[in-house]
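The structure under discussion appears below in the form of structure tokens.
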Amino acid sequence: MTEHIKAWKSEYKSSLWKGHYSLDLLGSLCKGRLLDAGCGSGKHSIPLQMRGFDVIGVDISPGALEMATKGSVCRELDIKFLAADICHLPFPANSFDIIWCYGVLQHLLSAERELAINEFRRLLGRNGILFLEVFGEEDMRFGGNEVEPNTFKRKNGIIYHYFNKDELNGLLNGFSCRIVESKKEKRFDGRVYLRHMISIVAQRS
């Protein structure tokens, strides 16, 4: 396991579950076997299960998985959480109807991003749907110690990559994609900064 992946093992120190972000891209979809790839503390796994999906969550961080399990149990939900690297997932082909991967691909190097997407292709059944959210390259956090194009390593060892739409279309070759960009201004100490997020709904043919 590479050092920037290992860095996540100590990243989850609090047992506080902070809720989830928007599930709007799901539309009316509420059924199917769903993999939360890089589930973290369960902030998506829990509401996705409550919505009606049969959820399995995987993450590399034992601390994150402990938090996710506690959050699931206290809500009396039956979610299975496993320790796994999204580049090498322990499931047979065509295991899932949906894969949810929010805020994860941006923390991988180029070769690892390719491996992860290839795993998602393998695991999705015909007409399966992949939901992604990543940082865009106009984001205020762009910059630092560059280790690959648009990819930076922070002092804590964690990788941050910033995407554009052309790159995502190339990475998701073989999927039918809908890409949605969100650009929001934030003010800190009287200065204006931009948060740039990209969401993708990609369907396997």
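Points worth noting:
- With N counted as the residues of segment 86-152, its alpha-carbon radius of gyration over 2.2 N^0.38 Å works out to 1.26.
- Paramagnetic reach from S176 in segment 101-138 [backbone N under 16 Å; point 7 Å along Cα→Cβ]: 125-131
- Three-way shape label, segment 55-127, alpha-carbon gyration tensor, a/c 1.5: oblate
- Helical contribution to [θ] at 222 nm, DSSP H n ≥ 4, -39,500 (n - 2.57), averaged over the chain, rounded to 500: -6000 deg cm²/dmol
- Scanning the chain for GluC sites (Glu not before Pro) in DSSP loops with at most 16 neighbouring Cβ atoms within 10 Å leaves 139-205 as the longest stretch between them.
- Kirkwood hydrodynamic radius of segment 138-193, from inverse mean 1/r over distinct Cα pairs, in Å: 13.6
- R33-T2 FRET efficiency (beta carbon distance; Förster radius 45 Å; 0.05 resolution): 0.95
- Difference of contour (0.36 nm per residue) and Cα-Cα distance, K155 to R195: 12.3 nm
- With a cut-off of 9 Å between beta carbons, the residues surrounding L89 carry a summed charge of -1, where Lys and Arg count +1 and Asp and Glu -1.
- Size of segment 82-205: Rg and Dmax of its alpha carbons, in Å, are 15.4, 52.
Throughout, read-outs are computed from the coordinates displayed, never taken from laboratory work. Bear in mind that the values here come from a model prediction, so they are computed numbers and not experimental data. A quick note on method: Cβ atoms are made from the backbone with ideal geometry, for glycine too, and the neighbour counts reach across all protein chains shown.
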